[in-house]
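Worksheet for the structure shown next.
Every number in this text was worked out from the coordinates using simple rules, so none of it is lab data. Predicted model only: the values in this text are computed from it and were never measured. Counting neighbours? That spans all protein chains shown, and the Cβs are built from the backbone with ideal geometry, glycine included.
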Amino acid sequence: MKFFLKTTNLSLLLLALTTLASCTCGDREERQAAARERQGMILANTVEVVQESEGARLYREKTCNTCHGQNGIKPLLPSYPVIAQQGEQYALQQMLDIKSGARSAGQSAAMKPIVQDVTDEEFAILATFIATELGQGKAIGGGNPDENSPGGKLFKSKTCVACHGKDGKTPILKAYPKIAGHGAEYAKLQMLDIKHGKRDNSKAVLGMKGIMHLVSEEEIALLADYIASLPR
Ligand code: HEC
Ligand code: HEC
């Protein structure tokens, strides 16, 4: 019994020692791995800081990406706009109008509270970022645009081309939007809001409102599909 206890104690001691040994050894390996990982992270962060522009940082930190998508191309909902490569002047004005509440139609209320702490200076940086960096070099919207489709014909006959350009992305004024590449749902909702006078944040929109008066809701749906088929 005594002997048995001793062996047990001894084996317990041995067991404890081996565990301790493997533990220290494992710890050291773990510490080394953690150190390597930290170095890697520091390196990765340094690289990221070097590469990320101020606009890109704001876009992430102000959580714009959660609704408009990482590249500004795939919004959270089809009723939200594609903002990548939108014109700078237009984008800036819209953001200011959403913050102030001048543009309150549609789903602007989703964005309004989030941009209350964004300053004018930050909006200017974001507008440049949207126009020049966001989604740059990536395919933005578009399918197989057919000028002879019902929507394509309406786009010309209803004089949309006069303000938005034949390709939907060369507006006559910088204050006007590029509409090519928007999702059909967003485009349709905006046209309806402009037609019904709900989106009335700019004088420029009045020009379009006059025309929307002559465009039916069925025609709006056809136009929306055509707009979505045009690449930005
Ligand atoms: C909670 C969701 C949400 C967040 C966060 C958000 N937005 Fe928006 N944004 C929207 C919606 C929805 C609209 C369109 C409103 C409407 O329905 O008329 C919009 C509109 C815009 C427009 C105008 C697009 C156009 O074609 O008229 C720009 C530009 C824009 N957002 C940029 C930003 C930037 C930059 C940020 C971050 C500072 C941001 N948004 C944060 C939801 C959001
Ligand atoms: C007289 C000029 C003019 C004409 C013609 C015109 N638009 Fe517009 N459109 C505008 C302006 C300006 C805006 C942006 C309003 C603002 O500044 O808030 C706009 C906005 C839009 C938007 C929303 C864009 C966005 O990013 O939110 C869509 C979609 C659109 N137009 C489609 C059309 C279609 C389709 C037609 C033809 C039926 C048309 N427009 C005719 C000037 C025009």
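Any chance you could check the Cα centroid distance between the stretch 116-185 and the stretch 193-232 for me, in angstrom?
Spelled out, the Cα-based centre of one part sits 13 Å from the other.
In the stretch 107-191, which GluC sites (Glu not before Pro) are in a loop and have at most 16 other Cβ atoms within 10 Å, using DSSP for the loop call?
147
What trypsin sites (Lys or Arg not before Pro) does the stretch 77-182 have in DSSP loop regions with at most 16 other beta carbons within 10 Å?
When the trypsin sites (Lys or Arg not before Pro) of the stretch 77-182 are filtered for loop state and at most 16 Cβ neighbours within 10 Å, 138, 158, 166, 174 remain.
Short version: ³J(HN,Hα) in whole Hz for each residue of the stretch 204-210, in order, from phi by Karplus 6.51 cos²θ - 1.76 cosθ + 1.60 (θ = phi - 60°), x for Gly and Pro, what are they?
Running phi through 6.51 cos²θ - 1.76 cosθ + 1.60 with θ = phi - 60° gives 4, 5, 5, x, 6, 4, x Hz.
So if we plug the beta-carbon distance of residue 52 and residue 213 into 1/(1 + (r/R0)^6) with R0 = 35 Å, what FRET efficiency do we get, rounded to 0.05?
Efficiency computed from Cβ-Cβ geometry: 0.15.
Which percent of Cα-Cα pairs in the stretch 65-180 sits in each 10 Å bin, short to long?
Per 10 Å bin, starting at zero, the Cα-Cα P(r) for the stretch 65-180 comes out as 13, 40, 35, 11, 1 percent.
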